[in-house]
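**Q** Quick one: the structure is below, and I'll ask about it shortly.
All of the numbers you see were taken from the coordinates with simple rules; none came from a lab. Please read these numbers as outputs of a predicted model, since none were measured by experiment. So basically every Cβ, Gly included, is an ideal-geometry build from the backbone, and we count neighbours across all protein chains shown.
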Amino acid sequence: MTSLKPQPPDQKQRDLIVSRLDKSMLVEAAAGTGKTTSMVQRMSALLDRGECLASRLAAVTFTRKSAAELRSRFQIELETRVRDERKGSRETNLQRALGQIDQCFIGTIHSFCARLLRERPVEAGVDISFEEIDEDIDFALRKQAWDEYLARLHATGDPILKNLDALGIRITDLASAFHNHADFSDVEIWPAQEMPPPDLAPAREILLEIVEHVERLKEYFPPNHADCDELMKKYAKVVRMIRHRDLSNPADLVAVMEAFTSVRITRDRWIGCAKDLPKEEEKRWSQYKKDFEPFLTSWKKYCYPICLEAVRPALEIYDRLRTQSGKLNYQDLLTKAAELLRDKPHIRKYFRNRITHLLVDEFQDTDPLQAQVMMFLTADDPDETDWQKCRPFPGSLFVVGDPKQSIYRFRRADIVTYNKVRDIIIESGGLLITLQANFRTTAPLIAWINDSFTNHFPTLASPQSPVYVPLLPGTPGISGNGEHLSCLKLSGSPDSREHEIECIVRTIYRTVTEGRVIVKSSGEERPARYGDFLIVTRYKKNLGLFSAKLQEYGIPHQVVGGNSMNQSRELALLHTLLYAVVRPYDPVALVAALRSELFGVSDSALYDFKQQNGEFSYYAEIPEGLETEDTRALSEAFSWLRTCSSLLRRLPIPAAVEKIAADIGLNVKAALGQGGNVQAGSLAKAIELLRNLRSEMWSASQTVEYIGQLVRSQEEHDGIPALPHPDEAVRVMNLHKVKGLEAPVVFLADPSGEGRPNKIDLNIDRSGEQVKGYMAIRGPRINFYQRTIALPSDWESRENAEREFEEAETKRLLYVAATRAGSHLIITQKDKYNNQNPWRFFEPYLKKSKPIELLPEVVTAKESPQSISIAESSESLAQIPGSWSRILSPTYQVTSAKVISHDMQRPAQRMGEHGTEWGSVIHRMLQVALLDDKIDLTTLADSALAEYGMDSDLKGDAVQTVLSVRSSAIWKRAMDSRRKYVEIPFQRLVRDESHNSVDMILRGVIDLVFLENSGWVIVDYKTDRYGASPDRLVELYRSQIDNYVNSWKEMTGETVTEAGLYFVSQGEYVRCFSPHTEPHETQLSLRF
């Protein structure tokens, strides 16, 4: 007799998901309860029972990865049902659904909104060919807007600068206010109550008293200022500021008061004073600081409306740049879609008929604008313009979320909005479904999670926090092997961090290599694999340390949420090199490059170079009188830098940077070092980022500036492997990246990073009819100090309100962390200073846990000295010249596809009056123009001509040349194609089959390649003039085109159906290759 599979304890709730298709629903699915399964079952049931067609079904997910998983599981579910159902109408429904599955939308909210806008662009007021931009490109646009605004202010002497200067504020200090405005574009009001200038006279009197007090105190200071303690130095600084500033000027007075920051005393530095005096002076300083705080707060509230008004024009520039270029960022997509549905009832009716059922996953962490889109789209009244009054048509809306896992408030996620939508669904007759059965985690660990969190959530839901719904074991009887919870206890010693990392990594290493068994929540027992382990940190700053240790042990791993790409040494070297190249007369930049491991020129050589009156410019001559070796090193370095400069002028910037990095050996250096797979991949990723931003950066200087931002981690990116990670790899990530993930064994690691509470910078109030924003405007962070510049008038209450949200979200973050483990959770604690441990919340609940001790060190083979005879030594010395000869003998040669030709006479070539740089200008303009057909060609011509050192008077000719190409048939084919790429670099190995020479690396750049229905088309631009027939030119360039075709086939594995030459001057396109003229490997003669 077959035993029935036990049902989970919440099965009745799960049944409602597929039985009540006539009801809209909010499914509150706790961690590990099967959110994706709920979505799949609801979607399948709707199609199975004929409630809707696949083309009218839309499922919105949080990430692209979750969308791909949902689509895959949905298709498998439909295929399974088709296979299992009997003959009848339901089989017909399922078969029809399976055939139309590609018509069902499954994707992110941003891609969903983009689809709505593309379908009705005119009514939405967007460009019909708008481009969706990611966060990197959006950041570049913001920076461009801010820089343009600052330049305009200074060029025009705008009164804004004078007004801010009177307040002691620099316009650059307001960058954070600009970015906050841009991030929260849906905020309707930023209240800024005008305040009267505060009376600072009492503060001035206190400062004058301080001067007198310090004069009396100086007799206890050491005679040498360097021997003073921190408080003495602060007193001296304040007195200096008071004497050199005008205290009748409020800005100067405020600057002095701001100098009263926290200090520490060193008792033994005080000379000849009473024992208690230093402590009394520390208290006195703290009292001064406290006395000044009301004055400073009043001043900052006075400055707030002035600062807000100062940044608004920058926002207008930012909006203009996106509008003119036809670009929409993520916020634009949501905002435009919501406005379209709100303001156009007939459009809403149209989409209501097009999309009858909308399903939304992970709703607790999505943008509040998503609530507007989904409520307008499913509303039963198409004329209602207030989304909070919309009521979804019965059965049209299915929302899945878990308010206990709402952790992205800093990314605009808002639990207040979640609560509003929940209330709307319930009040309109919908159902609230609660899922508690957890299929991820073993029963003992579930019991521990419940014990830990039950008393830390409110008994009644509040605006900040939901109630706690306890988890239930989804698979009864699976209890694990008794080791479900462990504590890694660290001492407070300075090396405790290394102790922890070593212990965790070695535990993983031993567990896998010794074949230890783990138990999954399903009850399956099997030997551990590296993919069974997940290391979670609260913050991302130390992720690289875990990565380095895993690399040391040779453990495959993947880091997510860190900035390992930014930490790449090779990326920093690339920036050092390029910075020197684009600043040829900057001696500091040049010396930095020469001293680096790129060239390795010694300090003594540089000193001798200067003593011989050498000029620190790579265009200068090397002076005589240097050592031969130093002359050679400097000559080679200068020659290399000139070559790099030439490449940046001749090639598209990303292609030039890629070639420079490869030729100087940075790729090889990265690959050969520790963790070379990730290091080489990170360098390649940085270059790919340049390629993605090529339409936003027209000059080499802009590119180098961007690489500098990457090196300084102003824009952070994870590293990636050059070769794919094996499927089984340890995952390392910070807590905000762990949502939706799980592992049998989870480490909550890195007990550092938390001290005093974080500063509150922003409060967004969505509780009323209008969305209101409040921000603390702060200047740039310098070391550990960040100046507060301006505050809203009611900031104290706003800060307290936001603190409540932050504290509630912190508990939810800990809940997310604790619910990732399947069978074993290991949490790090400290004997000392555990108050700074982000995992200290768990300390009271770890008393019965099994401790983890530091494992004994892995024994490695030690090197032993060996004796060498004189004969062996002599023999080795004799072999050295031969070894050097072999090392210096080339094993391959590198050449360009353009220098390869048949053994034939070239036809006469007429370069024209503009020279080879003209071709580079036209290539650059055609590259950018194809990527952005709305680009201002005149501005583009100015930039390109300046970059190649050509006369700006030629811009008319350049524009006309590009316009001529854009009017050609081949250009129109490219614009109408399914996909198109420009300036694609390639390199391929051409082996020497005869063994008479060496293998050759063939490099080139394909000008244009696009995909038509029949296959790929390759086009190479020729800007020179030739006095020859088309047939003659085809024969001349046949080998070059063949190499392009063969290279594209090797890179993509796809078919090339056509390749040809476009002669720009003649306006003529000549086909050189078609399927009937198969490319061949030509016997090549190389002309260097």
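**Q** Using Cβ contacts closer than 10 Å as the measure, can you line up GLU339, GLU804 from fewest to most?
**A** GLU804, GLU339
**Q** I've got another one for you. How large is ³J(HN,Hα) for each residue in region 241-254, as worked out from phi by the Karplus curve 6.51 cos²θ - 1.76 cosθ + 1.60 (θ = phi - 60°), to whole Hz, x for Gly and Pro?
**A** 5, 4, 6, 9, 10, 8, 6, 7, 8, x, 5, 5, 4, 5
**Q** Of the labelled options (i) 211; (ii) 270; (iii) 219, which one gives volume of the Cα convex hull per residue in Å³ as computed for this structure?
**A** Of the labelled values, this structure produces (ii).
**Q** What full-extension length gain, to one decimal in nm, is calculated for ASP319 and SER646 as 0.36 nm per residue of separation minus the Cα-Cα distance?
**A** Taking ASP319 through SER646 to full extension adds about 114.1 nm, to one decimal.
**Q** Please identify the trypsin sites (Lys or Arg not before Pro) of region 753-840 that satisfy two criteria: DSSP loop assignment and at most 14 other Cβ atoms within 10 Å. Which are they?
**A** Passing sites in region 753-840 are LYS759, LYS832.
**Q** For LYS349, go through the aspartates and glutamates and keep the ones whose alpha-carbon is under 15 Å away, minus same-chain ones fewer than eight residues off.
**A** The reachable aspartates and glutamates, counting only those whose Cα sits under 15 Å from LYS349, are GLU119, GLU123, GLU339, ASP380, ASP381, ASP383, GLU384.
**Q** Given LYS237/LYS301; LYS520/LYS737; LYS489/LYS850; LYS344/LYS772; LYS233/LYS279, which pairs have Cα atoms separated by over 18 Å?
**A** Over 18 Å apart, Cα to Cα: LYS237/LYS301; LYS520/LYS737; LYS344/LYS772.
**Q** If you don't mind, another one. If R₀ is 41 angstrom, what is the calculated FRET efficiency for the pair GLU525 and ILE426, using the beta carbon separation as r and rounding to 0.05?
**A** On the way: r = 44 Å, r/R0 = 1.07.
The calculated FRET efficiency here is 0.40.
**Q** Still on this structure, please answer the following. With unit charges on the beta carbon (Lys/Arg positive, Asp/Glu negative), name the residue among GLN960, MET925, LEU989 whose Cα is farthest towards the positive pole of the charge dipole of the chain.
**A** LEU989
**Q** Given the chain, what percent of its DSSP beta bridges are antiparallel, to the nearest 5?
**A** Here the antiparallel bridges make up roughly 35 percent for the chain.
**Q** Straight-line reach from LYS275: which aspartates and glutamates have Cα under 19 Å away, leaving out those fewer than 8 places along the same chain?
**A** GLU219, ASP227, ASP229, GLU230
**Q** So what is the calculated 222 nm ellipticity per residue for the chain, using -39500 (n - 2.57) for each DSSP H run with n of 4 or more, over all residues, to the nearest 500 deg cm²/dmol?
**A** That calculation yields -15000 deg cm²/dmol at 222 nm.
**Q** Of the options SER298, ALA274, PHE260, report the single residue whose Cα projects farthest towards the positive end of the charge dipole of region 207-320 (beta-carbon charges: Lys, Arg +1; Asp, Glu -1).
**A** In region 207-320, that residue is ALA274.
**Q** Within 10 Å of each residue's Cβ, count the other Cβ atoms and sort ASP199, ASP127 from fewest upward. All intermediate terms of the calculation are to be shown ahead of the outcome.
**A** Values: ASP199 10, ASP127 16.
With the fewest neighbours first, ASP199, ASP127 line up as ASP199, ASP127.
**Q** Among GLY562, GLN866, LEU200, whose Cα lies farthest out toward the positive end of the dipole of the chain, if unit charges sit on the beta carbon of Lys, Arg (+1) and Asp, Glu (-1)?
**A** GLY562
**Q** Restricting to DSSP loop positions (anything but H, G, I, E, B) with no more than 16 other Cβ atoms inside 10 Å of their own Cβ, which GluC sites (Glu not before Pro) remain in region 519-568?
**A** Answer by residue number: GLU524.
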